[in-house]
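Structure first, commentary second.
The numbers here are math on the coordinates, done by the rules we state, and not lab data. Note that this is a predicted model, so its numbers are computed, not measured. Methodologically, a virtual Cβ is constructed for each residue, glycine included, from the backbone with ideal geometry; neighbour enumeration extends over all protein chains shown.
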Ligand SMILES: C[S@@+](CC[C@H](N)C(=O)[O-])C[C@H]1O[C@@H](n2cnc3c(N)ncnc32)[C@H](O)[C@@H]1O
């Protein structure tokens with residue numbers, strides 16, 4: 001099931017997002033902060049969510065604009081920013097918008113799409129619309145970093161890998177609620193290269209009563225050469241393909257990540 005444009009599919013999970021253990025433990029922040037520093041800024045982060053990467057970038061002194069289509073994720077980001085010192089807050093601008101079509105009326109030295117937002121785009125038309133829009137916001141020679149998961153062939157076809165994901169530990173919210181999250185794949189479309197994913201958040205309140213929240217979405221996976229062709233077709237020149245945030249080269253581990261650094265040709 002694909003959601004219509006404008007539907008905030010992250011609304012049910014925005015408050016939990018920063019506490020989810022595998023999100024909290026992701027080792028990608030330094031990679032993006034370092035690239036932002038090297039670019040000198042300003043940086044545009046697409047799908048900036050709760051500011052997991054955006055806030056450390058601003059703390060490093062780099063001007064950054066965060067664009068996200070989810071009002072609820074932005075609200076969490078705004079609340080976190082309000083606790084930052086003034087000099088960090090002034091480095092940040094948040095814009096609610098859709099990566100397929102936006103116009104910020106300015107250009108950036110670096111555009112990043114950390115932690116898979118691009119994979120929420122299901123059709124090639126949407127992917128190309130987004131890349132054309134991003135390209136208009138870059139100066140010639142400046143870079144885009146696309147952060148995708150590298151599709152593992154065994155995992156795409158088989159539910160066994162979910163056992164690993166579903167060993168994810170529970171977490172506790174500041175108000176004492178305990179949350180256990182579980183993953184399900186509702187559907188696989190090998191022709192469209194999509195998976196329909198359901199994440200269930202089982203919440204137990206301190207008084208013992210329980211609630212269940214469901215985050216359901218479709219993700220499209222891209223293979224390495226497909227992503228490279230797509231970028232070339234959209235006016236980018238691929239400079240680096242990494243398997244991890246430590247910059248190990250693509251192919252050095254399997255499945256690893258699929259991180260592409262491409263400059264505006
Ligand atoms: C997995 S989260 C990643 C958030 C953040 N980049 C991070 O690293 O924690 C994906 C984000 O992409 C955003 N997103 C999904 N589709 C989008 C679209 N079409 N335009 C802009 N943002 C989108 C979601 O609202 C969500 O905040």
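Put in order of Cβ neighbour count within 10 Å, fewest first, the listed residues 252, 69 become 252, 69. Measuring r between the beta carbons of residue 204 and residue 103 and using R0 = 41 Å, the FRET efficiency lands at 0.35.
Listed by Cβ neighbour count within 10 Å, with the fewest neighbours leading, 108, 16 appear as 16, 108. Counting neighbouring Cβ atoms within 10 Å and putting the fewest first, the residues 19, 221 line up as 19, 221.
Counted over the chain, the DSSP beta bridges are approximately 70% antiparallel. Distance from the alpha carbon centroid of segment 43-119 to that of segment 137-202 works out to 21 angstrom. One chain, two ends: residue 216 and residue 59. Fully extended at 0.36 nm per residue, the span grows by 53.2 nm beyond their Cα-Cα distance.
Taking each DSSP H run with n ≥ 4 as -39500 (n - 2.57) and averaging over every residue of the chain yields -7000 deg cm²/dmol at 222 nm.
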